[in-house]
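Beneath this line is the structure, given in structure tokens, with notes to follow.
Please treat every number below as a calculation from the coordinates, not as lab data. Remember, it's a predicted structure, so these values are computed and weren't measured experimentally. Using ideal geometry, Cβ is built from the backbone for each residue, glycine included, and neighbour counts are taken over all protein chains shown.
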Amino acid sequence: MRPFTERTITIIKQIPEGHVMTYGQVARTAGNPRAARQVSRVLHSMSSKHQLPWHRVVNAQGRIAFQGEDRAAVQRNLLQQEGVVVLHNKVSLETYQYTNHEPYESI
């Protein structure tokens with residue numbers, strides 16, 4: 001596994017319940033600020049294997065990024081179960097964004 005992927009997995013696992021991070025924020029914290037799409041691929045391909053809290057990652061505007069309503073509903077429900085308020089598939093980053101993670105050095 002590549003170092004960026006390993007760091008991404010570690011970061012996502014450390015997002016506390018009731019908080020979110022953005023794809024870009026995870027990428028920056030993992031050391032590659034231009035790799036938000038790679039974060040999405042990691043979530044897509046490794047969430048089950050590594051038991052990642054994938055639902056805690058949202059887009060830069062705080063929106064649920066899934067296009068299909070079924071998947072968006074699952075993410076919305078999981079966030080709401082953790083106490084996150086989701087209005088119109090959007091989370092307040094000001095309220096729920098997790099920012100206490102130290103960034104890795106840039107690649």
Which of the trypsin sites (Lys or Arg not before Pro) found in the stretch 30-66 are in a DSSP loop and have at most 12 neighbouring Cβ atoms, other than their own, within 10 Å?
-> 34
Remind me, relative contact order of the chain in percent, using alpha carbon pairs under 8 angstrom and six or more residues apart?
-> 34 percent
Where does the charge balance sit around residue 1 when Lys and Arg score +1, Asp and Glu -1, over other residues with C-beta under 12 Å from its C-beta?
-> +2
Other residues with Cβ under 11 Å from the Cβ of residue 56 give, with Lys and Arg +1 and Asp and Glu -1, a net charge of -1
Using alpha-carbon pairs under 8 Å, 6+ residues apart, how would you state the relative contact order of the stretch 38-101 in percent?
-> 25 percent
In the set (1) 17.0, 54; (2) 15.1, 51; (3) 12.8, 37, which value of Rg and Dmax of the Cα atoms in Å was calculated from the structure you see?
-> (3)
By how many nm would the segment from residue 44 to residue 81 lengthen if fully extended, with 0.36 nm per residue of separation less the alpha-carbon distance?
-> 11.2 nm
Between the residues 10, 32, 20, the Cα farthest towards the positive end of the dipole of the chain, that dipole coming from +1 and -1 charges on the beta-carbon of Lys, Arg, Asp and Glu, is from 32
Along Cα→Cβ, 7 Å out, is where each label goes; now give me the distance between the ones at residue 73 and residue 1 in nm to one decimal.
-> 3.2 nm
Quick one: putting +1 on the C-beta of Lys and Arg, -1 on the C-beta of Asp and Glu, what dipole do you get for the chain around its Cα centre, in Debye to the nearest 20?
-> 360 debye
